[in-house]
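Colleague: Next up is a structure, given as structure tokens.
What follows draws every value from the coordinates through simple rules; no lab data is involved. What you see is a predicted model, and the numbers here were worked out from it, not measured in a lab. Note that each Cβ is placed from the backbone with ideal geometry, even for glycine, and that neighbours are counted across all protein chains shown.
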Amino acid sequence: MNHARWKLAREKKATTEYAEPAEIEAERAEIRLAMAFAKAVYDRRKALGLSQAQLAERAGLTQAKISRVEGADAVPTLPLLRRLAHALDASLNIALGEDHEEVTFVARRAA
């Protein structure tokens, strides 16, 4: 899509008559969720003072996999979510709403 088409789409969206196709809306929601998860992993890793390599070692993954997760390039499976939460010493909370997604790691309390 060239820039002229982007401008036209933006102008259409600005009018009240334009409704984004459902497929595009769904794709945007998936991207927002992937980015929210990536940011949550990055923020928690930094809060713990870990490098990607250190987190990878703790999770039994490769540094490249951590990089893909933090770059929102990987679709995490449930086992991967569990491994990351354990490696980040936190519980993972995911809230999915119609127009927003929230992903947070909550530090585990010391026993």
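Colleague: Being in a helix (DSSP H, G or I) and within 19 Å of Arg108 (Cβ to Cβ), is that true of even one residue in segment 58-66?
Modeller: Step one: filter segment 58-66 for residues in a helix (DSSP H, G or I), giving 58-59, 63-66.
From what's left, within 19 Å of Arg108 (Cβ to Cβ): 58-59.
Yes; the residues of segment 58-66 include at least one that is in a helix (DSSP H, G or I) and within 19 Å of Arg108 (Cβ to Cβ).
Colleague: Being of a type in the set (A, V, I, L, M, F, W, C) and either loosely packed, with under 15 Cβ neighbours inside 10 Å or in a helix (DSSP H, G or I) (or both) is the filter here; which residues of segment 67-98 pass it? Can you show your working first?
Modeller: Of all residues in segment 67-98, those of a type in the set (A, V, I, L, M, F, W, C) come to 69, 72, 74-75, 78, 80-81, 84-85, 87-88, 90, 92, 94-96.
Within segment 67-98, Val69, Val75, Leu78, Leu80, Leu81, Leu84, Ala85, Ala87, Ile94, Ala95, Leu96 qualify.
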